[in-house]
Amino acid sequence: MKKALVITYYWPPSGGSGVQRWLKTSKYLPKFGWNPVIYTPENPDVNSVDESLLKDVSPDLEVIKRKIREPYAAYKFLTGKKKGDHLQANIVSGEKKGFVQKLSGHIRANWFIPDPRIWWVKPSVKFLKEYLRQNKADAIISTGPPHSMHLIARQLHRELNIPWIADFRDPWTNIFYFKHLGLSEKSLRKHKALERSVLEEADKIVVVSGQMKTEFSTEEYSQFADKISVIPNGYDPDDFSTENNPELASAENEIAEKTKGKFVVAHTGLLPESADPDKLWKVLGDLAGKDDCLKQKLLIAVMGQTAGCVKEEIAENGLSDNFVDLGYVPHTKSIAWMKRADLLLLPLRKEKESKAIVTGKFFEYLATGNRILAFGPVDGNLAEELSATGSGNICEFEDENSIRKSIEKNWIDFGKEEKNNKENTTDAQGKFSRVKAAGDFAEMLDEITIKTE
């Protein structure tokens, strides 16, 4: 069986969305003739820990962990944070920043390019060169962000001539917060040069949406268009089956008992200020104020990292008694809440770059067959997928009328015996299975390695 070295910053027990793509792809790659070997930090600075994800790591999977030095300890010291405090999911947030935060942000953006994991590149290359001389790998896969992972793979590819796939889970210079970083002209040129070198030197480039492919195929990068492929995120069928998953069955039973008769509106994962669907809380508050039945039955459940302004707005609209913040929950319990929900919320960021984003959460929502209410560009990739799968609709953040119509329709449907038509998402579910994604990666790996044989 062929072997692929996968270089990833995120790996269990790290939680959150960044870990899912390669945890699941690595789980299914052996079905298609490829054994992955994972290279990942031993001590990453991550926002959440989820020990339950370790169940998907096969005891036969080789996982190489090496210590990483990151500048976050100094940042925490300068800003008065405790050693164990988690940082923001990204460095752009809505909170007001003092001088120290602004200075630290400037240093982070202009001194650590492409990101603060750059210190891990040289020691990783040194270690992996020796490892690969003793343990043959047929291909290398790097996944970013953080995009320093691509620089490790690039150097190994240069020196050892091993075929290489660069996987972009998010854009690099086109990501929404890039314009907010306060980069100098010199720093911006360096980012662009590094991005271009990865696009130029990798044998294959993988992105997660059609719009991302379009952005990487503009006139500036048109010469690389033929090597760019779309492999979307997806869902793992095992995560949604209670047959061999007693933890899921137990969580479903517990949640069903707690929410009996409730109209559950749920959001899972990160909900920052820049993705706050503030008009939704206004509409729900107004409708609940006029409809005693809705007021009694409505339950808004959020889990993950939720911005303080979201909670404040929910309270200001008279919905405190209808709201529960569960904080970070294990992935299994998050799945159970998704399956229970009558309406699943999916707000993108209030940024023009959101047109290219189809979050990994969408595919897990899709797997439940429950209705999705998204917020963001109505002409973006997510809107296309919602329409193609018949799984829900998307509203502009400020379009209060459309939001109201959507809530009213879903509330009416809630009163019917058959609330959801889950059959119309069956074909789409198969299309977006993590098993299929692993097969697509394996096919690409076969292609680039045949060329070098």
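What FRET efficiency comes out for the pair LYS431/LYS260, r = Cβ-Cβ distance, R0 = 45 Å, nearest 0.05?
Working: r = 34 Å, r/R0 = 0.75.
For R0 = 45 Å, the calculated efficiency reads 0.85.
Just to verify a number: FRET efficiency for LEU287 and GLN134, C-beta to C-beta distance, R0 = 45 Å, to 0.05?
0.10
Could you give the distance between the Cα centres of the stretch 116-151 and the stretch 307-362, to the whole Å?
Comparing the Cα centres of the stretch 116-151 and the stretch 307-362, I get a distance of 35 Å.
Once Rh for the stretch 189-235 is found with the Kirkwood sum over Cα pairs, what is the Stokes-Einstein diffusion coefficient at 37 °C and 0.692 mPa s, in µm²/s? Don't jump to the answer; show the numbers that get you there.
Working: Rh = 11.1 Å.
The diffusion coefficient I find is 296 µm²/s.
Calculate the tail of P(r) for the chain: the fraction of all Cα-Cα distances greater than 37 Å, expressed in %.
Of all Cα-Cα distances in the chain, 26 percent exceed 37 Å.
Express in nm, to one decimal, how much length is gained between ARG69 and LYS190 on full extension, taking 0.36 nm for each residue of separation and deducting their alpha carbon distance.
Values: separation 121, 0.36 × 121 = 43.56 nm, distance 2.20 nm.
So the extension gain works out to 41.4 nm.
Could you work out [θ]222 nm for the chain from helices alone, using -39500 (n - 2.57) per DSSP H run of at least four and dividing by all its residues? Round to the nearest 500 deg cm²/dmol.
Calculated at 222 nm, the ellipticity per residue is -12500 deg cm²/dmol.
For the stretch 370-421, just the Cα atoms, rotate onto the principal axes and tell me the three extents in Å, largest first.
The principal-axis extents, from largest down, are 33, 24, 10 Å.
Given a Förster distance of 41 Å, report the FRET efficiency between PHE127 and ASP325 from their Cβ-Cβ distance, rounded to the nearest 0.05. Intermediate values should be presented prior to the final figure.
Values: r = 42 Å, r/R0 = 1.02.
It comes to 0.45.
Which value, to two decimals, describes the C-alpha radius of gyration of the stretch 262-392 once divided by 2.2 N^0.38 Å?
Normalised by 2.2 N^0.38 Å, the Cα Rg of the stretch 262-392 equals 1.01.
Near ILE68, within a Cβ-to-Cβ distance under 10 Å, what is the net charge of the other residues, with Lys and Arg +1 and Asp and Glu -1?
+2
Using only alpha carbon pairs under 8 Å that are at least six residues apart, calculate the relative contact order of the chain and give it in whole percent.
Once normalised by length, the contact order is 15 percent.
Have a look at TYR10, TYR131, SER197 and report the one farthest towards the positive end of the charge dipole of the chain, computed about the Cα centre with Cβ charges (Lys/Arg +1, Asp/Glu -1).
Comparing the listed Cα positions along the dipole, TYR131 ranks first.
Explain nothing, just the number: relative contact order of the stretch 237-431, from Cα pairs under 8 Å at least 6 residues apart, as a whole percent. Write down the numbers at each step before the final one.
Values: 297 pairs, mean separation 43.3, N = 195.
Value for the stretch 237-431: 22 percent.
Just so you know, all these numbers are worked out from the coordinates, no wet-lab data involved. Keep in mind that this is a model prediction, so the values were computed, not measured. With ideal geometry, Cβ positions are generated from the backbone for all residues, glycine too; neighbour counts draw on all protein chains shown.
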